[in-house]
Amino acid sequence: INSLLVIGIFYLLFHNPWIAVFGGLVFGLHPVTGETISWIGDRKILLSSFFCFISLLFYIRYAGSKKIRLSLIFYILALLSSPAAIPLPVLMLLLDTWPIGKKSIKENIIEKIPFFVVGVIFSVIALVSLLHSPTGTGTFTLLQVPLILCHNIMYYPLKILCSLNLCRC
């Protein structure tokens, strides 16, 4: 279902069925995507992705109108599934720049304020819950957290481009 939603997103963005189908196939067949299907613990990522993709579909379709609230509702559902959906408003801002190319930067940011407010609220909730969990980031020092963040910023894009050694063994 997520691959079909990706096809829909690409079609709305580029209005080309070949690009849409190719993008959906690459997404659906990529080993990083397949990894979340095989691990029972990653089901929340599939659900969160599902709601993120629906939120993006509604955003691309109804950007600049009152129907954008539907996108916000699905963003909240994605956040309830997993905190991994927190950066979605930043992606929406990038889509506003290219390929949507609508309005001014100031209007785009004002339109995303509800998304950023909800994202900040869920960020605080996720941080507090991690700090109070026995296996959470409460065991890391203040220096280790930025180092882990820098590692993840480099590690995951590299794994998307070069999908080797994905086994969690």
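The values are calculated or read from the model by the stated rules, or taken from the named source; none is laboratory data. Bear in mind that the values here come from a model prediction, so they are computed numbers and not experimental data. For neighbour counting, all protein chains shown are included, and Cβ atoms are generated from backbone atoms with ideal geometry for every residue, glycine included. All accessible areas refer to the heavy atoms of the entire protein, side chains included, with ligands and DNA or RNA removed. Shrake-Rupley method; radii C 1.70, N 1.55, O 1.52, S 1.80 Å.
One table, with the values for the structure above:
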{"item": "Matching residues in region 4-18 - criterion: being in a helix (DSSP H, G or I) and open to solvent by less than 80 Å² (accessible area, probe 1.4 Å)", "result": "Leu5, Val6, Ile7, Gly8, Ile9, Phe10, Leu12, Leu13, Phe14, Pro17"}
{"item": "Any chance Ile60 is closer than 26 Å to Leu164 by Cα and surrounded by 13 or more Cβ atoms within 10 Å (Cβ to Cβ)", "result": "no"}
{"item": "Residue under evaluation Leu142, criteria (1) open to solvent by 70 Å² or more (accessible area, probe 1.4 Å); (2) outside any helix (DSSP H, G or I); (3) touching a residue at least 40 places away in the same chain (Cβ under 8 Å), criterion not met", "result": "(3)"}
{"item": "Selection count, region 69-90, where residues are within 13 Å of the chain's Cα centre (by Cα) and basic (Lys, Arg)", "result": "0"}
{"item": "Residues that are part of a helix (DSSP H, G or I), farther than 20 Å from Thr97 by Cβ and over 18 Å from the mean Cα position of the chain (by Cα), drawn from region 48-68", "result": "none"}
{"item": "Pick from region 91-111, criterion closer than 19 Å to Phe10 by Cβ and open to solvent by 40 Å² or more (accessible area, probe 1.4 Å), ranking: nearest to the chain's Cα centre (by Cα)", "result": "Leu91"}
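Every residue, every condition in (1) touching a Pro at 6+ places or on another chain (Cβ under 9 Å); (2) at pLDDT 95 or above; (3) farther than 12 Å from Ile54 by Cα; (4) not charged (D, E, K, R), yes or no:
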position: Ile1; (1), (2), (3), (4): no, no, no, yes
position: Gly8; (1), (2), (3), (4): no, yes, no, yes
position: Leu12; (1), (2), (3), (4): no, no, yes, yes
position: Ile19; (1), (2), (3), (4): no, yes, yes, yes
position: Phe22; (1), (2), (3), (4): no, yes, yes, yes
position: Leu29; (1), (2), (3), (4): no, no, yes, yes
position: Gly34; (1), (2), (3), (4): no, no, yes, yes
position: Trp39; (1), (2), (3), (4): no, no, yes, yes
